[in-house]
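Just so you know, all these numbers are worked out from the coordinates, no wet-lab data involved. Since we're looking at a predicted model, the values are computed, not measured. As a convention, Cβ positions derive from the backbone with ideal geometry for all residues, glycine included, and neighbour counts pool all protein chains shown.
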Amino acid sequence: MKHTLFIKVALYAAIMLTSTGANASNKDFKKLAKINGVEHVHIGKFLINLAAKNGENINLGENIIVGDKSGNILKKIDSIDVYTSEEKNTIEQLSQHVRSILDGNGWESLINMTDEDGEKVKIYQNQHGKHTTVIIFAEEDGEASLVVIDGKLDMAQLMEQMSKEN
């Protein structure tokens, strides 16, 4: 599945814009894995912590990379789920389910973009207590990707870490 630089920028923006705190229930998203034609990858806390401990990033595709050299960003993430499809009917179902999840229930739109090639990227967050759930939903001709990042993200720490990386 082709991932563009556009998605990488959107993911980076989502992580940078996410404020401290939040977590929406992921059981609605887990239902998406049951849609025929949807591929699902779950990355749990153990593997995320292992990557953080080793100073590695988590690569979710050609251009989607989560993490930093110190591991501080990954230490704040509890789980990452990626749902993808390349089947036209399945993409429509996936899109409808995502829209129904995002309607209400405290989801806040952070970014809603369409590029010149028609790729659409939507980034939302949901806050509950000290947890944040951030989703990135990207659709383009013949494919769709949904990334769900769940954890305790601290924007001040992220900004500080990003300035050290540059």
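Annotations
- Subtracting the Cα-Cα distance of LYS45 and SER100 from their residue separation scaled by 0.36 nm leaves 17.1 nm.
- Across LYS45/LYS152; LYS76/LYS130; LYS45/LYS69; LYS69/LYS152; LYS69/LYS122, pairs whose alpha-carbon gap is larger than 22 Å: LYS69/LYS122
- Here the label points at ASN89 and ASN59, each 7 Å from Cα along the C-beta direction, are separated by 3.5 nm in the simple model.
- Cβ-Cβ FRET estimate between LYS31 and GLU108, R0 fixed at 22 Å, reported to 0.05: 0.50
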